[in-house]
Amino acid sequence: MASEGTHSMVDRMIRASRLDAHIFEEVEADTSATRQALSVVVLVALTTGIASLGTTGLSGLFAGVVVSIAGWTIWAWIVYLIGTKIIP
């Protein structure tokens, strides 16, 4: 097994979906995990937009990606604020 912090993004996604407690501590300690998280958000936003192309068109795809990334950013900031300021 790979050493801590060297797991691939797919491996981390699988372990997180299985609610492996160790992956959350590993990701917390890995400062490069934010890019992986953003990649997952973009991937999900794109696949959702592609699935809805028939009803919303290209503008829906673009708006969905922008709204998803903005929502993730706001949610990450709120969680950060709560975790560092309110419940340190």
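With a sphere of radius 12 Å drawn around the Cβ of Met9, what net charge do the other residues whose Cβ falls strictly inside it have (Lys, Arg +1; Asp, Glu -1)? Display every interim value, and only then the final one.
Numbers: positive: Arg12, Arg15, Arg35; negative: Asp11, Asp30.
My count for the surroundings of Met9 gives +1.
The slack between Val42 and Ala16, meaning 0.36 nm per residue of separation minus the straight C-alpha distance, is 7.6 nm. Figure the gain on full extension for Thr31 and Lys85 (residue separation times 0.36 nm, minus the Cα-Cα span) and round it to one decimal in nm. Once the chain is fully extended between Thr31 and Lys85, it gains 17.5 nm. Our coupling estimate for the stretch 72-88, obtained by passing each phi through the Karplus curve with A = 6.51, B = -1.76, C = 1.60 and θ = phi - 60°, is 5, 5, 5, 5, 4, 5, 4, 5, 4, 4, 5, x, 9, 9, 8, 10, x Hz, Gly and Pro reported as x.
Laboratory data are not the source of any read-out in this text; all were calculated from the coordinates shown. From a predicted model like this one, the values you see are computed outputs, not experimental measurements. Cβ sites come from the backbone with ideal geometry, for glycine too, and all protein chains shown count toward neighbours.
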